[in-house]
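Since the structure comes first, as structure tokens, the remarks are kept for the end.
The values are calculated or read from the model by the stated rules, or taken from the named source; none is laboratory data. Model, not experiment: these values are computed from the prediction. Because the Cβ atoms are built from the backbone with ideal geometry, glycine has one as well, and the counts that use them run over all protein chains shown. Areas reflect the complete protein model, heavy atoms only, side chains present, ligands, DNA and RNA absent. Shrake-Rupley method; radii C 1.70, N 1.55, O 1.52, S 1.80 Å.
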Amino acid sequence: MKASSQYNHLKIEKKWQKNWETQGTYKTDKPNKKKKMYILDMFPYPSGAGLHVGHPRGYIGSDVYARMNRMKGFNVLHPMGFDSFGLPAEQYAIQTKKHPGPFTDKLVAQYKKQLEVIGFSYDWSREVSTHRPEYYKWTQWIFLKLYDAWYDSKKNKARAIEELVVLFEKSGTKSVAAVTDSNTPTFTAKEWQAFSSIEKQNILMQYRLAYEGFAEVNWCEELGTVLANDEIVDGPTGPVSERGGFPVIKKTMRQWFMRITAYADRLLQDLQPLDWPNNIKEIQKNWIGKSEGSELTFNLQTASGSLAEVTVFTTRADTLFGVTYIVLAPEYPFLPEWQNVISNWSEVDIYIKSVAQKEENERTSADKEKTGVQLKGLVAVNPANGEEVPVWIADYVLANYGTGAVMGVPQHDERDFNFATKYKLNIIDRPLVDKIEITKKVGGSIVTKYKMRDAIFARQRYWGEPIPLRHAVNGLIVPLKEKQLPLQLPNVKSYEPSGNGESPLSRVKDWVKEGYETNTMPGWAGSSWYFLRYMDPTNAKAFAGEKAIDYWKDVDMYVGGAEHATGHLLYSRFWHKFLYDMGYVPTKEPFKALRNQGLIGGSDGRKMSKRWGNVINPDDVVKLYGADSLRVFEMFLGPFESHLPWSTEGIIGSRRFIERVWRLNDKLTDTKTISKILHKTIKKVTEDIQSFSFNTAVSSLMICLNEFEKNGVGEKDFQIFLQLLAPFAPHIAEELWKGAESIHLAGWPKYNPKFLIEDEITIGVQVNGKVRAEITLSKDASKEDIEVAALSLPRIKEFLQGVTVKKIIVVPGRVINIVVAE
RNA sequence: GCCCGAGUGGUGGAAUGGUAGACACGGGGGACUUAAAAUCCCCUGCCCUCACCGGCGUGUGGGUUCGAGUCCCACCUCGGGCACCA
């Protein structure tokens, strides 16, 4: 700190990082009277490749935000942890035949080390890793709560399954609303009592929020696992896994599911007040895909009379009179029952089988020509006018959306038009009617449908949380008791998938003998609630203590990548709403505010990756330029949410800025007054950090420094400047700070608006909207003063020669515009 | 195809409807130095000009306005999401 000492970032940064740790500078206070602020980063998956310079960008932004708010006096919770179950570690295990646990621990340690040199203000004593049994005990616990719950759509909340059993015992299904998009049976209390245990289990399974069922899944043979839709990409010959690019096919398998669809409407409604980026809200809205329409029933008839009823879903009930045919999905469940009355059944049967063989991707590819077959011998009767129309099956109708049946109105629907044209079906133009009136008139009902589907909650792999229940020999499912948790992952001899689509756990004899579930939970299980664990990370009695949850409540600011819009951010909201319904958390939403950071690409404009040889390692940058320079640069580079290229020249500018701060410390004058520029900078930096406009905050710090260098600056001003710099460059700010305690706890400067007013203002003088001159006037100059001054300028006089002034517009402090006619 | 978002100097970018290009990188010139690095000072949107003056400029074309990068309409390009959802 002595005059003319060299700026040695290595020494300074190491020194303060150690000091902060031993002093516990960033340790979060226990719940107290102070106002809380929970500032969270999306925790990383610790991959073997390590961090590149793009990864910390979001963390730096949230750290700047956290540091300012900590200085402002908030009790800041700013933790970090690791999402440490996942496929890469599993593949490592398969390749090396070693347990993925120690490998994961090593990666976590490596990651942490890389993060530490950047100087984040994390409270590391709250670190969590999802693969540790102390943690996943509570992931399993939440799973069991979901298993033991159903959604009461009358009360619009989740309730314990025992309460459903009580309702069934009392009055059967009479007072229970059916589950959305599920064919739950109806029965009386008496009938319920007569059901066997297995029958009861099967019925309850249709209500549980975590339930077992069969589903067509995306099966990847090479990876030996089922993949979520967002883990699949289009390959040249069909769908392939995002990781590895292996082919993916459809396969029906036993699965566990999460009944997220029960929450569809609340997930949509509660989106509105959130302080989230608009595009993320839009993406979730589209994903949930609410559509309101009518269910209308057509009577199916054969030559000998009525056969059955078919209900179609339509958003265009107003076009009911224009219906010229009805189409069912090829999977429509009653087709086989009707084979005796369908005169061309063999043709129909061949079509159904050919569709079944197609992969969904092929079937639903956008511009594929529609195909279909008429069900001969059947007609459908339009409930509005009694017209008889032909009945078809076609692959463009999806069995799992709406009712699996649609009405064809070629006059008003492009798709129907194409289909009708291809198969020479009638196209008729009929007047439109009122949607609601016609729906009522024909005895239909107004309904709401969602595109969102229930989420598959099982993976056929080893490295995930075991699902905590057993299948007894008599077929009954026995969930584990809380005190039996965690159900730890057993050791296995081989991590290879079993080949028949089951998890490696299916080869562990004892495990299977005990009836344990061989599927494990998907990657998103542990990440759907981790923010709650940070509130009270070592609690052994609950996922977090009541006191901690009541104090911390929810995340005030969540920072991470936009790629989690339909995954993590949706699943977390769902789990959180469930926990809210059951009284475990006090808030309806987990993340009040959200910001997305942009990616940093290579300086060649490509994605930063080993493949292109354009990866910049933050460790190297920190060594060469220092963490402070890296932090300042990543914030200065451009808007926080923009994707930007890395620039090795660019960081030099930030390094220069830091060094100039260092040198200025040796050139302080004895000025006492707080300068105008400083007040301006306090205002700008404070507002910009608040709004995540970090780039302009840094720029205003640079402007302030430029001015200090030009005009000189005293000790007092300089120290305040350091406080403003501290969130961005915490090490140098601490080093040059003269206060007794850490600068990072030293309060946040306030500005006085009085000092923001300039004595003199320079405004532009326009003629017909074009700037022709400038004038500098006192801040108190009246409109008239400005007019007189402007009109007397020689340059302006020239422009006004031979023309008449029509109008003069004065915008105080900005501009004067003289409007003339020639 | 549908739904979002974005197009500004050589580069990253800045700009409550009010002087477009802040800040920084790069480039040019100068000072210091035996020299180089570092540092400091000046210039740097394009065209014309020695210079002044001037003209043109925020993807394209229209419009609203005294005044448009900003608002409205149409189009083009790029990025993201969804995709036979009835």
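Worth a mention:
- Pairs meeting the criteria (first residue in the stretch A:118-144 and buried (at least 19 other Cβ atoms within 10 Å of the Cβ), second residue in a loop (DSSP other than H, G, I, E, B) and β-branched (Val, Ile, Thr), beta carbons under 6 Å, at least 6 apart or on different chains) are A:123/A:28; A:135/A:128.
- If you go through the stretch A:756-769 and keep only what is within 7 Å of RNA strand B (Cβ to nearest atom) and either assigned to a loop (DSSP other than H, G, I, E, B) or open to solvent by 70 Å² or more (accessible area, probe 1.4 Å) (or both), you end up with A:762, A:768, A:769.
- The residue that is most open to solvent (accessible area, probe 1.4 Å), counting only those in the stretch A:788-813 that are in a loop (DSSP other than H, G, I, E, B) and within 11 Å of RNA strand B (Cβ to nearest atom), is A:812.
- Residue A:752 near RNA strand B (Cβ under 10 Å from one of its atoms) and of a type outside the set (A, V, I, L, M): no
- Taken together, A:93, A:3 contain a single residue that is at pLDDT below 95, over 26 Å from residue A:551 (Cα atoms) and surrounded by fewer than 20 Cβ atoms within 10 Å (Cβ to Cβ), which is A:3.
- For the stretch A:269-288, a tally of residues being touching a residue at least 40 places away in the same chain (Cβ under 8 Å) and under 19 Å from residue A:153 (Cα atoms) returns 2.
- Sole exception among (1) more than 7 Å from RNA strand B (Cβ to nearest atom); (2) under 24 Å from residue A:676 (Cα atoms); (3) open to solvent by 50 Å² or more (accessible area, probe 1.4 Å); (4) of a type outside the set (Lys, Arg) for residue A:774, by number: (1)
- Residue A:300 being without any contact (Cβ under 8 Å) to a residue 60 or more places away in the chain and open to solvent by less than 40 Å² (accessible area, probe 1.4 Å): no
- Some residue of the stretch A:359-373 being modelled with pLDDT of 90 or more and either more than 15 Å from RNA strand B (Cβ to nearest atom) or of a type in the set (A, V, I, L, M) (or both): yes
- Pair list, Cβ under 8 Å, 6 or more apart: the stretch A:398-425 residue farther than 29 Å from residue A:454 by Cβ and open to solvent by less than 40 Å² (accessible area, probe 1.4 Å), other residue of a type in the set (D, E, K, R) and near RNA strand B (Cβ under 7 Å from one of its atoms): A:409/A:316; A:419/A:370
- Scanning the stretch A:589-611 for residues that are open to solvent by 70 Å² or more (accessible area, probe 1.4 Å), touching a residue at least 60 places away in the same chain (Cβ under 8 Å) and of a type in the set (Lys, Arg) yields a total of 2.
- The set of residues from the stretch A:21-40 being surrounded by 13 or more Cβ atoms within 10 Å (Cβ to Cβ) and in a helix (DSSP H, G or I) comprises A:21, A:23.
- Count of the stretch A:177-206 residues which are within 24 Å of residue A:404 (Cβ to Cβ), crowded, with 17+ Cβ neighbours inside 10 Å and either more than 27 Å from the chain's Cα centre (by Cα) or without any contact (Cβ under 8 Å) to a residue 12 or more places away in the chain (or both): 1
- Among the residues of the stretch A:708-737, those that are within 16 Å of RNA strand B (Cβ to nearest atom) and either within 19 Å of residue A:631 (Cα to Cα) or in contact with a Cys (Cβ under 6 Å, 6 or more places away or on another chain) (or both) comprise A:721, A:724, A:725, A:728, A:729, A:732.
- Residue A:614 meets the conditions (1) surrounded by fewer than 22 Cβ atoms within 10 Å (Cβ to Cβ); (2) closer than 26 Å to residue A:74 by Cα; (3) of a type in the set (S, T, N, Q); (4) touching a Ser or Thr at 6+ places or on another chain (Cβ under 7 Å) in every case but one. The failed one is (2).
- Exclusive hit being more than 12 Å from RNA strand B (Cβ to nearest atom), under 57 Å from the mean Cα position of the chain (by Cα) and either small (Gly, Ala, Ser) or at pLDDT 85 or above (or both), set A:785, A:780: A:785
- Residue list for the stretch A:661-677, restricted to those being in a helix (DSSP H, G or I) and over 20 Å from residue A:67 (Cα atoms): A:662, A:663, A:664, A:665, A:666, A:667, A:676, A:677
- Exactly one residue among A:453, A:470 is charged (D, E, K, R) and in contact with a helix residue (DSSP H, G or I) (Cβ under 7 Å, 6 or more places away or on another chain), and that residue is A:453.
- The residues on offer are A:740, A:821, and the sole one that is more than 8 Å from RNA strand B (Cβ to nearest atom), among the small types (Gly, Ala, Ser) and over 30 Å from residue A:676 (Cβ atoms) is A:821.
- Residue in the stretch A:707-718 that is buried (at least 20 other Cβ atoms within 10 Å of the Cβ), part of a loop (DSSP other than H, G, I, E, B) and in contact with a Leu (Cβ under 7 Å, 6 or more places away or on another chain) present: yes
- Within the stretch A:665-700, the set of residues being near RNA strand B (Cβ under 10 Å from one of its atoms), out of contact with any helix residue (DSSP H, G or I) (no Cβ under 6 Å at 6 or more places or on another chain) and touching a residue at least 40 places away in the same chain (Cβ under 8 Å) comprises A:693, A:699.
Quick grid of which residues meet (1) surrounded by fewer than 19 Cβ atoms within 10 Å (Cβ to Cβ); (2) more than 30 Å from the chain's Cα centre (by Cα):
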| site | (1), (2) |
| --- | --- |
| A:478 | yes, yes |
| A:482 | yes, yes |
| A:496 | yes, yes |
| A:533 | no, no |
| A:539 | yes, no |
| A:561 | yes, no |
| A:580 | yes, no |
| A:587 | yes, no |
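- Lone qualifier among A:641, A:634 - being within 17 Å of residue A:60 (Cα to Cα), more than 8 Å from RNA strand B (Cβ to nearest atom) and open to solvent by 70 Å² or more (accessible area, probe 1.4 Å): A:641
- If the condition is being surrounded by fewer than 19 Cβ atoms within 10 Å (Cβ to Cβ) and away from RNA strand B (no atom under 14 Å from the Cβ), then the stretch A:446-464 contributes no residue at all.
- Test for residue A:249: is it within 24 Å of residue A:463 (Cβ to Cβ), among the β-branched types (Val, Ile, Thr) and at pLDDT 70 or above: yes
- Within the stretch A:403-417, one or more residues are within 31 Å of the chain's Cα centre (by Cα) and within 13 Å of RNA strand B (Cβ to nearest atom).
- Within the stretch A:426-441, considering residues that are open to solvent by less than 70 Å² (accessible area, probe 1.4 Å) and of a type in the set (A, V, I, L, M), the one nearest to RNA strand B (Cβ to nearest atom): A:438
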